[in-house]
1. Run lengths n ≥ 4 of DSSP H only: what is the helix-derived mean residue ellipticity at 222 nm for the chain, with -39500 (n - 2.57) per run over all residues, to the nearest 500?
2. Assuming a ≥ b ≥ c are the square roots of the Cα gyration tensor eigenvalues, decide whether the stretch 155-233 counts as rounded (a/c under 1.5), prolate (otherwise, with a/b larger than b/c) or oblate.
3. Using a cut-off of 12 Å between beta-carbons, work out the net charge of the residues near A204 (Lys and Arg +1, Asp and Glu -1, A204 not included).
4. Under a GNM of the chain (C-alpha, springs under 10 Å), which listed residue has the highest mean-square fluctuation: N150, N86, N217?
5. With a ≥ b ≥ c taken as the square roots of the eigenvalues of the C-alpha gyration tensor of the stretch 94-178, please select rounded if a/c is under 1.5 and otherwise prolate if a/b is larger than b/c or oblate if it is not?
6. Could you tell me the center-to-center distance, by alpha carbons, between the stretch 83-107 and the stretch 32-62 in angstrom?
7. Would you give the gap between the C-alpha center of the stretch 114-164 and the C-alpha center of the stretch 170-232, rounded to a whole Å?
8. Give the lysines whose C-alpha is closer than 19 Å to that of K233, dropping any in the same chain fewer than 8 places away, or say none.
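Nothing in this text is a laboratory measurement; each read-out follows from the coordinates by a stated rule. This structure is a prediction, so every number in the text was calculated from the model and none was measured. A quick note on method: Cβ atoms are made from the backbone with ideal geometry, for glycine too, and the neighbour counts reach across all protein chains shown.
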Amino acid sequence: MFKHAGGFVLAGLLSFTSLQAEAALNAYQASYSVSHSGLTVGDTTVSLSYSNNSYTFLKQTKANGMAALLSGDTLTERSIGIKQGNKLQTQQYLYQHKSRRKSKTDQYSFTKPTQVTGNFNGQDYSLNVPNGTIDPAVVELWVREDLAANRPLKYNVTERGKLKNYQFQRLGKETVKTPFGTYQCEKVQINRDNGERQTTLWIAPELNQLTVKMQHNEDGSVTEVILTKYQAK
């Protein structure tokens with residue numbers, strides 16, 4: 001039911017809480033509703049917390065209602081790392097998707113800034129990567145900050161033992177209504193697999209650069225994640 005979406009886990013979305021050039025993101029917690037083809041199928045909680053100079057970014061999604069009875073889906077994505085100025089740099093990453101039919105796990109660590117060692121579904125891997133490479137969870141935080149600062153939205157991301165390049169397009173402004181409120185948003189989008197997979201994010205500057213909505217379209221099947229609650233910590 002829930003898909004990794006090429007690095008954009010439909011387990012949830014995240015926020016910016018400062019636009020100052022050298023300020024790290026503030027700690028927060030947010031909740032989202034997940035729907036598939038117009039039907040509500042799950043709920044997501046997202047949190048960003050700090051301990052001294054380290055961070056933990058956690059996203060958890062659980063199926064609900066009939067979807068829970070049919071699939072029992074749970075999805076967890078966790079990024080742990082350090083603050084470097086206004087950026088969060090990955091040190092450890094976990095992606096774990098469980099359902100009644102199958103499970104998928106990707107877990108890795110940066111042994112140094114340019115090397116990753118990990119395990120995807122029981123297969124060990126080691127990968128050399130460019131300096132500054134990040135994980136599929138933290139890339140969303142980088143997008144929000146770079147969008148506010150008008151910087152290029154291009155990133156090196158590693159997942160499942162592979163290095164990928166993510167490049168987002170700015171699509172202008174759009175008003176979005178959510179259960180938490182109505183916001184004027186900046187709209188960004190990334191296309192993968194020759195346009196067969198498309199992920200769109202709506203980011204609200206007035207709500208501290210929070211992503212209030214996301215849509216993932218794959219082969220005509222649309223999954224949507226929309227904000228229901230937000231609290232700064």
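1. -2000 deg cm²/dmol
2. Numbers: a/c = 1.93, a/b = 1.64, b/c = 1.18.
Prolate shape, in that a/c is at least 1.5 and a/b is the bigger ratio.
3. Working: positive: R144, K173, K177, K187, K213; negative: E174, E186, E206.
Summing Lys and Arg as +1 and Asp and Glu as -1 gives +2.
4. Checking each option, the largest mean-square fluctuation is seen for N150.
5. Taking the square roots of the gyration eigenvalues as a ≥ b ≥ c, the stretch 94-178 is oblate.
6. 12 Å
7. Measuring centre to centre over Cα atoms gives 21 Å.
8. K59, K83, K87
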